[in-house]
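Have a look at the structure below before the remarks.
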Amino acid sequence: MDGKRRFNRLLAGIITLSAIVVLCLQIGLITSKRIYDTLAVFDNLFWIIFFFEYLLELALSENKAEFVKENIINVIAIIPENIFVFFLMVSGMQYYISGLKIVQLSKLIRIILYILKFRSEVHNVIKITLLDYAIAGTATTMVIGAVGMSITEDMSFADALWWSFVTATTVGYGDITPTTIIGKCIAAVLMINSVIFISMLTATIATYFTTKDEYIEKNYENRAVYQIVESLKNFDNLSEDDIDKIYYVLKSLKKHNNKNK
């Protein structure tokens, strides 16, 4: 990937991340109508950027069918929010939650889509390790669960985030529990995803320290052998003590390697 394309992908990732923040603020963290309307302007601006970005890349692509297939998330992400609201209403969601909550739920769907879009934008630009993926997956799962709980259970985002953290870590104090069908479904999905990501996180951290110990051990061995080789280049100048030390080090390394076999 050339420098210009890399920069464009990073810029698209930053814009997508900003759009996610705006949607999160619109859902549960801002109560002032004036600020909400200001955020709505930015939300619409981001949507326009994503829409024309997709059209431009589609026009420049040589194989348009293949491009659409590889960027299906970006296609869904540029669907207007009113379409999501319409489908939620048609599905009978209004019987479970209010019209305002349906709008918030549609924003939650867009947040999930933007997160997937953000991942696709930066995946080929920034080297993402398994540890990074596990941490990001765990944090994202908890935030999405908190936003969904805040919408469906009509609670503050702070309480929903606390519930999400307690549920994701499998502590389960029980001070906050879902009561609606949708809230229970969100809790079930959060539990399953959290078990997966937290297991990955724990295993990755354990593997990291194990690998680190092995690396230090191997690095010590290589350094010792290197020093011996350098010493042997001046063999005529070595004393009896120097030769004894070399012999002792080599014997120790040999004994250690045989023990690990």
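The values are calculated or read from the model by the stated rules, or taken from the named source; none is laboratory data. Note that the coordinates shown come from a computational prediction; the quantities given were computed from them, not determined experimentally. Glycine gets a Cβ as well: all are built from the backbone with ideal geometry, and neighbour counts include every protein chain shown. Note: accessible area is taken over every heavy atom of the protein model, side chains too, but ligands, DNA and RNA are not part of it. Shrake-Rupley method; radii C 1.70, N 1.55, O 1.52, S 1.80 Å.
Applying a threshold of 26 Å to the alpha-carbon distances of 64/101; 64/107; 33/107; 69/107; 69/184 flags 64/101; 64/107; 69/184 as lying beyond it. Work through the residues other than residue 159 whose Cβ is under 13 Å from its Cβ and net out their charges, Lys, Arg +1 and Asp, Glu -1. Net of charged neighbours comes to -3.
Distance between the pseudo-spin-label points of residue 58 and residue 173 (7 Å out from Cα toward the beta carbon): 4.8 nm. Averaged over residues, the count of other Cβ atoms within 10 Å places the peptides 225-235, 13-23 in the sequence 13-23, 225-235, highest first.
Extension gain, residue 10-residue 165: 0.36 nm per intervening residue step, less the Cα-Cα distance, totals 52.8 nm. Of the peptides 191-200, 57-66, the order by per-residue mean of other Cβ atoms within 10 Å, starting with the highest, comes out as 191-200, 57-66. Annotation for residue 236 and residue 196: the two label points, set 7 Å from Cα along the Cα-Cβ direction, are 6.9 nm apart.
Each of 175, 43 has its accessible area taken with a 1.4 Å probe; listed largest first, they run 175, 43.
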